[in-house]
1. For Thr166, Thr146, which order do you get if you count the other beta carbons within 10 Å of each Cβ and list the fewest first?
2. What residues have an amide H closer than 5 Å to that of Gly103, excluding those fewer than 5 places away on the same chain, when H is modeled at 1.01 Å from N in the peptide plane?
3. I'd like the Karplus ³J(HN,Hα) series for segment 190-195: coefficients 6.51, -1.76, 1.60, θ = phi - 60°, whole numbers in Hz, and an x wherever there's a Gly or Pro.
4. Taking other Cβ within 10 Å of each residue's Cβ, how do Ser200, Ser12, Ser175 sort, fewest first?
5. If you add up the charges near Ile8, with Lys and Arg at +1 and Asp and Glu at -1, over every other residue whose beta carbon is less than 12 angstrom from its beta carbon, what do you get?
6. May I have the count of lysine pairs in the chain with C-alpha atoms under 24 Å apart, counting pairs 8 or more residues apart or located on different chains?
7. Taking the highest mean first, how do the peptides 69-77, 189-197 order by number of other beta carbon atoms within 10 angstrom per residue?
8. With an 8 Å cut-off on Cα pairs and a minimum separation of 6 or more residues, tell me the relative contact order of segment 80-209 in percent.
Amino acid sequence: MYYLGIDIGSLSCDAVLLGDNGSILAYSVVPTGARNQEAIAWATTQVLDAANLTESDIKAVVSTGYGRDRVARRMAAVTEITCHAKGVQVIFPGTQVLVDIGGQDSKAIRLDGEGRVMEFAMNDKCAAGTGRFLEAMARALQVDITELGGLDLGASGNLTLSSMCTVFAESEVVSLIADGVEICEIVSGLNRAIASRILSLVKRVTPDL
């Protein structure tokens, strides 16, 4: 028998098809868009077609993500925090702190080293430092979002952004570009601001660090 996992997030819908022994048979990542049920159907069809299976071959469906309750035929709907904890224990056993930067929120999760969640903190009131924030900054800089991690090479590290609000930060970046500030310096300021924000989340769940 086969098992289907669906993670329906704000930016993408991810599907993974597993065999009885836990092996990954197929996976798919599609944009969520404005109609999450269409994204769920699309991702599901892709993995079934890749494995040459039909829905009748699926023994159980488990969903996670902000749209997890929209997945039909689900056996269970599990929070992404629990899924992160289980997943990281399989991939990196003994992990005690996990950081998730999602499309519209960020999370810091403290684990007991055996995959159980001890505490977590979320930044879900503002998109600052999340995927949508990074998309807006990449758009303002006219670069691909995948380039942001390395574009700060050679920067002095002296530039500090005055705001992490997506709207204000985007306006500030546009102004800096107009003033002739080098892209590497702007990206350095962005990366350090995001790192600082994530560190504050981590400290909330690990005050002894």
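1. Working: Thr166 19, Thr146 9.
In order of increasing Cβ crowding within 10 Å: Thr146, Thr166.
2. Here the answer is Ser10, Leu11, Gly131, since their amide H atoms fall under 5 Å of that of Gly103.
3. Each residue's phi maps through the Karplus curve to give 5, 4, 5, 5, 5, 4 Hz.
4. Values: Ser200 13, Ser12 19, Ser175 10.
So the residues, fewest neighbours to most, are Ser175, Ser200, Ser12.
5. Surrounding charge for Ile8 is -1.
6. On the way: Lys59/Lys86; Lys86/Lys107; Lys86/Lys203; Lys107/Lys125; Lys107/Lys203; Lys125/Lys203.
Count of close lysine pairs: 6.
7. 189-197, 69-77
8. 24 percent
Values in this text are rule-based calculations from the coordinates and carry no lab data. Predicted model only: the values in this text are computed from it and were never measured. Methodologically, a virtual Cβ is constructed for each residue, glycine included, from the backbone with ideal geometry; neighbour enumeration extends over all protein chains shown.
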